Amino acid sequence: LSDRLALTFKNLKRKGTVTESDLNATIRDIRMALLDADVALPVVKEFTGAVRERGLGAEVHQALNPAQQIVKIVNEELVSILGGQTRRITLAKTPPTVIMLAGLQGSGKTTFAGKLGRWLADQGHTPLLVAADLQRPNAVTQLEVVGQRAGVAVFAPERGNVFGHDAALESGEGTRSFGDPVDVAVDGVEDARRKGHDVVIIDTAGRLAVDVNLMRQAHDIRLETNAHEVLFVIDAMIGQAAVETAKAFADGVGITGSVLTKLDGDARGGAALSVATVTGQPIMFASTGEGVKDIELFHPDRMASRILDMGDVLTLIEQAEKAFDRVQAQEMTRKFLSEEDFTFDDFLEQMSAIKRMGSLKQMLGMMPGMQQMRAQLDSLDEKEFDRVEAMVRSMTPFERNHPKQINGSRRARIARGSGVSVSEVNQLLERFAEAQKMMRQLKKGGMPGMPGMPGM
Ligand code: GDP
Ligand code: MG
């Protein structure tokens with residue numbers, strides 16, 4: 001998917017401003033990337049529409065140039081469509097909380113029932129798994145095995161009731177049936193109430209493709225058990241078919257959230273975007289393997305980067321945001337506009353801000369107002385940077401705010417404290433005095449915007 005997109009973002013990053021045609025080109029690339037990631041076309045259209053609108057609106061962000069803002073918008077829109085915050089199971093005021101699982105056959109419902117049971121039990125709940133998949137003769141046994149492995153109780157229907165005409169018999173798969181899945185589900189909830197289980201997880205039947213009877217059955221189970229949560233379980237590898245399937249379950253059964261399974265495979269996560277968009281409900285869990293512990297809360301932000309595979313770009317943006325948050329930028333501007341002299345404390349603050357951003361030169365291009373500094377910094381290696389910082393850190397607070405008072409004996413102490421020679425301290429102080437002077441002149445000239453980095 002993403003080589004192409006990475007290149008787009010890289011090119012975009014080099015630009016200072018973004019024209020409308022840049023925006024259109026970028027959106028075209030994002031469209032390709034999303035389609036590559038198996039996001040369904042209608043979803044892609046809706047998504048790129050939203051990005052375009054915001055991109056044209058060009059929100060102003062302190063630490064980012066317009067190009068990065070587009071990257072940021074793309075990411076934010078993705079996260080928001082994927083549900084924004086991670087949503088957790090809503091527990092019923094009067095237990096038991098009834099959670100029903102629905103989805104196609106093979107999507108991972110039974111496996112997930114065990115995982116969710118274990119996960120809830122680890123949090124102090126006393127879940128009961130209910131085997132309401134009576135479609136396949138061995139489904140009940142499978143849930144019993146899963147429950148045993150997870151250490152979670154299972155409610156299974158009475159065995160041995162032979163009915164003549166059910167799907168299992170017709171397909172020649174088996175010879176027994178356990179009766180009506182809706183009844184079993186209701187009995188299961190009743191059993192939980194009686195035995196004091198506070199959560200019920202109902203495993204239901206699936207078909208290989210969307211099926212009207214199956215939908216009706218799932219719908220009835222939902223109504224008859226008053227299910228609080230209906231989780232739509234979907235295989236992340238399903239690709240383009242995700243939209244149709246998710247829509248069928250959302251319309252036919254009614255769901256409150258989704259579970260994305262088999263994310264341990266090489267699924268690119270496009271299904272997540274399709275499912276979240278089509279159902280309008282958040283994805284709540286990710287299933288990442290066949291083991292009972294392979295369950296995670298779903299994190300929209302992580303999935304967003306998986307879809308766009310632009311982790312490094314996002315990291316850069318995060319770093320830039322962290323280092324130059326608005327408050328700090330405002331404080332620097334205030335200081336710059338005030339009569340106060342620039343001190344070593346200010347200097348230290350700016351230095352640690354830049355350090356937090358990791359690779360210096362790479363980052364400087366990202367900050368408005370810092371481009372001029374780049375030439376100066378190109379000649380400065382990072383080791384020297386560390387030495388300067390060590391010297392400043394060896395100064396007392398008084399010295400940092402009154403550089404002119406740093407006499408010979410103070411200089412000697414600073415040199416010893418930071419492991420440099422006295423002449424290096426002298427040099428720093430000289431350069432700093434020059435920088436202060438320059439700052440005063442700049443201020444008189446009334447230059448707006450952010451201050452540069454004096455002393456370098
Ligand atoms: P159900 O028909 O919806 O109940 O699906 P199952 O729970 O029986 O799962 C179908 C198959 O997918 C089984 O072989 C599971 O072991 C496998 N499976 C389920 N969840 C995951 C997962 O998160 N990762 C992987 N790799 N396999 C899974
Ligand atoms: Mg099953």
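The values are calculated or read from the model by the stated rules, or taken from the named source; none is laboratory data. Everything quoted here is computed from the prediction, not taken from an experiment. Cβ placement follows ideal geometry from the backbone for every residue including glycine, while neighbour counts extend to all protein chains displayed.
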- Task: Go through segment 218-246 and give me each residue that's modelled with pLDDT under 95 and farther than 18 Å from Ala286 by Cβ.
- Result: Gln240, Ala241, Val243, Glu244
- Message: Take residues that are small (Gly, Ala, Ser) and touching a His at 6+ places or on another chain (Cβ under 9 Å) and tell me which of the helices (runs of 4 or more DSSP H) falling wholly in segment 180-257 contain 1 or more.
- Response: 242-252
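Can you tell me which residue in segment 109-156 is farthest from ligand 2 (Cβ to nearest atom), limited to those that are of a type in the set (D, E, K, R) and touching a Lys or Arg at 6+ places or on another chain (Cβ under 9 Å)?
Among those that are of a type in the set (D, E, K, R) and touching a Lys or Arg at 6+ places or on another chain (Cβ under 9 Å), it is Arg118.
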- Within segment 387-406, track down each residue that is of a type in the set (A, V, I, L, M) and assigned to a loop (DSSP other than H, G, I, E, B). Met395, Ile406
- Item | Pairs with Cβ under 6 Å, 6+ apart, first in segment 90-119 and at negative phi and without any contact (Cβ under 8 Å) to a residue 60 or more places away in the chain, second more than 6 Å from ligand 1 (Cβ to nearest atom) and hydrophobic (A, V, I, L, M, F, W, C) | none
- Note on the structure: Counting only residues in segment 241-263 that are among the polar types (S, T, N, Q) and touching a helix residue (DSSP H, G or I) at 6+ places or on another chain (Cβ under 8 Å), the one nearest to Arg193 (Cα to Cα) is identified as Ser258
- The lone condition Gly106 fails out of (1) within 16 Å of ligand 2 (Cβ to nearest atom); (2) surrounded by fewer than 17 Cβ atoms within 10 Å (Cβ to Cβ); (3) not basic (Lys, Arg); (4) not in a loop (DSSP other than H, G, I, E, B) is (4)
- Item | Selected residue (criterion: nearest to ligand 2 (Cβ to nearest atom)) from residues of segment 78-103 that are of a type in the set (Gly, Ala, Ser) and closer than 30 Å to Arg54 by Cα | Gly83
- Query: Of all residues in segment 417-456, how many are of a type in the set (S, T, N, Q) and modelled with pLDDT under 75?
  - Reply: 1
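For (1) farther than 18 Å from Gly196 by Cα; (2) within 16 Å of ligand 1 (Cβ to nearest atom); (3) basic (Lys, Arg), each residue gets a yes or a no:
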residue	(1), (2), (3)
Gly83	yes, no, no
Thr86	yes, no, no
Leu91	no, no, no
Pro95	no, no, no
Lys115	yes, yes, yes
Leu120	no, no, no
Gln123	no, no, no
Ala139	yes, yes, no
- Residue match in segment 237-245 (condition: more than 30 Å from Leu35 (Cα to Cα), touching a Ser or Thr at 6+ places or on another chain (Cβ under 7 Å) and within 14 Å of ligand 1 (Cβ to nearest atom)): no
- Message: Can you confirm whether Gln240 is of a type outside the set (Phe, Trp, Tyr) and within 16 Å of ligand 2 (Cβ to nearest atom)?
- Response: no
- For segment 116-134, name all the residues that are within 12 Å of Asp203 (Cβ to Cβ) and out of contact with any helix residue (DSSP H, G or I) (no Cβ under 6 Å at 6 or more places or on another chain). Leu116
- Item | Residues within segment 247-270 that are under 18 Å from Ser80 (Cα atoms) and modelled with pLDDT of 85 or more, tallied | 5
